[in-house]
Amino acid sequence: MHHFQYNDGRLCCEGVSIEAIAEQVGTPFYLYSHATLTRHFQAFDQAFEGMDRMVCYSAKANSSQAVLRLFAGLGSGLDIVSGGELYRGLKAGFDPATIVYSGVGKTAAEIDSALEHGIFMLNVESRPELELINARAGALGRCAPVAVRVNPDVDPRTHPYISTGLKKNKFGLSPQAAIELYRQARDMAHVDVKGIDCHIGSQITEAAPFRDALARLRELIEQLAREGIAIRVVDVGGGLGITYHDEQPPHPMDYGTAIREGLAGLDVRLVLEPGRVIVGNAGILVTRVLYRKDGDQKRFMVVDAGMNDLIRPSLYDAFHDLWPVREAAGGQRIRADVVGPICETGDFLSRDRDVPDAAPGDLLAVMSAGAYGFTMASNYCSRLRLAEVMVRDDAFGVIRERQTYADLIHGESIPDFL
Ligand code: LLP
């Protein structure tokens, strides 16, 4: 459920016409609906009603300041994976005590910063990382709250690039290695073993992999308890999928039931790290058709957004629906590849699909682009990073200015020897 709908043949976001925004802001741009973001966060959170829980929105999905500020205001915590995300989160107003930090490659400087700010928990992904955390905490005169990230070897049946809980993936530790690490952690002077963590992948569209992963965590928690190591926090990560096309992921309520049942009887605090399920369908990418081009074998629609703006189709062959911003009488569709201006064959938004029969100058909405859209955008081909806009009811605000050419060379210099 989202708030992008037609009103008299014009696509609107809540009460605002998208054409009107394009007129003012130019194209391409990302557009987010305040009502949808709010609703998705609240629906997710309510699925865990009554449980001792902390929903830590995953910043990597969309880390724009306005989006983060909105979630902080709704009572969300934050899941981060870099010092940059910590900085963004703190700037947007998150309480450090609600921040969890995952990732296989935390640097000493990032660990220091997390400890100095007093975040809730660091999710540890290897023995050397735990040793470094212990050393840094000692040097800073602090005690580091940690969880061990377990790789439960569960197949999330999603795209191989975004599955993370298989033995062959770089994330976390096997259950056996995790037990070993917990034993070492218990004897470390500067770490507080607080919890256990797992994240098995992203865009997961069934409840079974979550249930399986949690069952494995549970076995581990019980084994640790027998050794006198009390787990007080269970972080189940993120990963719940959304509908891009015809997927039917579990409703957050059903996902909530799976987690609730998996934790039944344990005296623990639950941490969740949802990203896509909160923001994915709350955002779109608006692009303008530049040219139509009929090749010998294919028709192309060249638009002003490229793989640097939204890389998901190129990287994962991801499906993003395309809606005309102005509904044509008859709703004509044609078979064409919708491609961007970048010099790569992989630069497409859709391929071999029937798409709205749009003419040069027409606007298209690339749907479900709120997650991993802007955050994965780049300046490739020296294209300007695009603007972002948020709508609330009948008003809209630019939440990020489009870059300028001067921004492109900001920080660059030409050394004297040239
Ligand atoms: N927690 C951890 C430790 C993660 O690595 C991730 C995502 C999340 C939470 C949030 O997962 P979500 O609820 O959004 O599925 N760029 C890819 C997705 C990569 C996901 C990486 N980790 C895409 O565009 O599909």
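Each peptide in 358-367, 374-383, 63-72 was scored by the mean count of other Cβ atoms within 10 Å over its residues; highest first, the order is 63-72, 358-367, 374-383.
Rounded to the nearest 10 degrees, the inclination of helix 108-117 to the longest alpha-carbon principal axis of the chain is 80 degrees. Highest mean first, the peptides 83-89, 405-411, 218-224, 268-274 sorted by other C-beta atoms within 10 Å per residue fall in the order 268-274, 83-89, 218-224, 405-411. Axis angle, to the nearest 10 degrees, between helix 208-226 and the longest C-alpha principal axis of the chain: 20 degrees.
What a 1.4 Å probe finds exposed on the stretch 333-418 is 51% carbon and sulfur by accessible area, rounded to a whole percent. The mean accessible area for residues of the chain, using a 1.4 Å probe and ignoring ligands and nucleic acids, is 43 Å² per residue.
Expressed as a fraction of 2.2 N^0.38 Å, the C-alpha radius of gyration for the stretch 26-131 is 1.15.
Neighbours of Gly373 by Cβ distance under 11 Å: Lys/Arg scored +1, Asp/Glu scored -1, total 0.
When a/c reaches 1.5 or more, the comparison of a/b and b/c decides; with that in mind, is the chain rounded, prolate or oblate per its Cα gyration tensor? Here the chain falls in the prolate category.
Net charge dipole, the chain: roughly 360 debye, given to the nearest 20, about the Cα centre with Cβ charges of +1 for Lys and Arg and -1 for Asp and Glu.
Let me make sure I get this right: for the stretch 329-418, a, b and c are the square roots of the gyration tensor eigenvalues over alpha carbons, sorted descending. Under 1.5 in a/c it's rounded, otherwise prolate if a/b > b/c, else oblate. Which is it? Oblate, because a/c is 1.5 or more while a/b does not exceed b/c. When the solvent-accessible area of the stretch 35-279 is split by element, carbon and sulfur atoms take up 49 percent of it, the probe being 1.4 Å. Straight-distance candidates among the lysines for linking to Lys170, with alpha-carbon spacing under 22 Å and chain neighbours fewer than 8 residues away dropped: Lys60, Lys106.
The values are calculated or read from the model by the stated rules, or taken from the named source; none is laboratory data. This structure is a prediction, so every number in the text was calculated from the model and none was measured. We place every Cβ from the backbone using ideal geometry, glycine too, and count neighbours over all the protein chains shown. Protein only, heavy atoms only, side chains kept; ligands, DNA and RNA dropped before computing areas. Shrake-Rupley method; radii C 1.70, N 1.55, O 1.52, S 1.80 Å.
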